[in-house]
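Readers should treat all values here as calculations from the given coordinates under stated rules, not as data from a laboratory. What you see is a predicted model; the values in this text were computed from it and never measured. Every residue, glycine as well, gets a Cβ built from its backbone with ideal geometry; the counts of neighbours run over all protein chains shown.
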Amino acid sequence: MYKVFFNDRTVYFGDNFSRAFVRNKGLFYKYNNIQELNELIELFSKLNQINSLYIFHEDMLMVIEEFKACFHVIEAGGGVVFNRSKEFLAIKRNGIWDLPKGKLEKGEDFQEAALREVEEETGLSGLKLMEPLISTYHTYRLKGEKVLKKTRWFEFEYGGTDLPVLQAKEGITDYRWVIPGNTDFLRQNTYSSILDVLYMRKLL
């Protein structure tokens, strides 16, 4: 089942209405047309007391494309950086714990953007790209426009000894090398999409 984060709330996409209806709570919708879908997105964005929206159709991939068409889509790359002690790097951005990431620039692919952004935001060089992880999706509003941001995540290794030099202009003020499993401080103050990345990599 695919999902998109609305802050700490979630939109799920699936093709089995009855099974999800029995197992979950939230707002359920069987896709009809894109105009209705766009109105539903606007409604869900205002119903803060409802944590989950389930959108169903037998052609799930088509519905996901229709959902994307309701937004201005931005693509980004990000990284989970491990040091020689197998700790991973968390950064604090605008008061919230995060992972280094940023938007693709013209002509870049996801890997190139992820490497550039991790280097820029942490000041670390000599990073080694290991493998792709997952893609996450989250929404926000920018100057009144609905934005859907897709971030593709990669694993990096850092074999050096230099301390991170944080990119202050991006609001990054602190960092920690985190022992996998010692993540209570992250759970209490990060984004659901970041928790998804860490959960997938079995770091929580």
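Mind listing the phi-derived Karplus ³J(HN,Hα) values for region 164-170, rounded to whole Hz, using 6.51, -1.76 and 1.60 with θ = phi - 60°, and x for any glycine or proline?
Going residue by residue, I get x, 10, 7, 7, 5, 5, 9 Hz, with x marking Gly and Pro.
Can you work out D for region 97-204 in µm² s⁻¹ from Stokes-Einstein, where Rh is the Kirkwood radius over C-alpha pairs, the temperature is 20 °C and the viscosity is 1.002 mPa s?
Estimated via Stokes-Einstein, D reaches 142 µm²/s.
With each run of n ≥ 4 DSSP H residues scored as -39500 (n - 2.57), what mean residue ellipticity at 222 nm is computed for the chain after dividing by its residue count and rounding to the nearest 500 deg cm²/dmol?
-7500 deg cm²/dmol
Can you work out the FRET efficiency for the pair LYS103 and GLN35, with r the C-beta to C-beta distance and R0 = 25 Å, to the nearest 0.05?
0.30
What ³J(HN,Hα) values, in whole Hz, does the Karplus curve 6.51 cos²θ - 1.76 cosθ + 1.60 give for region 14-27 when θ = phi - 60°, with x put for Gly and Pro?
x, 10, 10, 5, 5, 5, 5, 5, 5, 8, 10, 10, x, 9
Which FRET efficiency, nearest 0.05, do ASN51 and ARG84 yield, Cβ-Cβ r, R0 35 Å?
In this case the efficiency is close to 0.30.
Which entry in (1) 18.2, 55; (2) 17.4, 62; (3) 16.5, 50 matches Rg and Dmax of the Cα atoms in Å derived from the coordinates of this structure?
The listed entry that was calculated here is (1).
In sequence order, what are the phi-derived ³J(HN,Hα) couplings for region 47-55 according to the Karplus relation 6.51 cos²θ - 1.76 cosθ + 1.60 with θ = phi - 60°, rounded to whole Hz, with x for glycine and proline?
Ordered by residue, 3J(HN,Hα) equals 8, 5, 7, 9, 7, 9, 10, 10, 10 Hz.
What residue among GLY171, GLY77, GLY107 has the largest mean-square fluctuation in a Gaussian network model of the chain, using Cα springs under 10 Å?
Comparing GLY171, GLY77, GLY107 in the GNM, the peak value goes to GLY107.
Provide the packing ranking of 4-10, 78-84, i.e. peptides ordered by the mean count of other C-beta atoms within 10 Å per residue, highest first.
78-84, 4-10
May I ask for log10 I(q)/I(0) of region 2-68 at q = 0.20 Å⁻¹, from a Debye sum over the Cα atoms as equal point scatterers with solvent left out?
-0.76
Could you tell me what percent of the DSSP beta bridges with both partners in the chain are antiparallel, to the nearest 5?
Here the antiparallel bridges make up roughly 60 percent for the chain.
In vacuum, with every alpha carbon of region 63-123 counted as one equal point scatterer, what does the Debye formula give for log10 I(q)/I(0) at q = 0.19, 0.20 Å⁻¹? Two decimals, please.
Relative scattering, expressed as log10 I(q)/I(0), comes to -0.79, -0.84.
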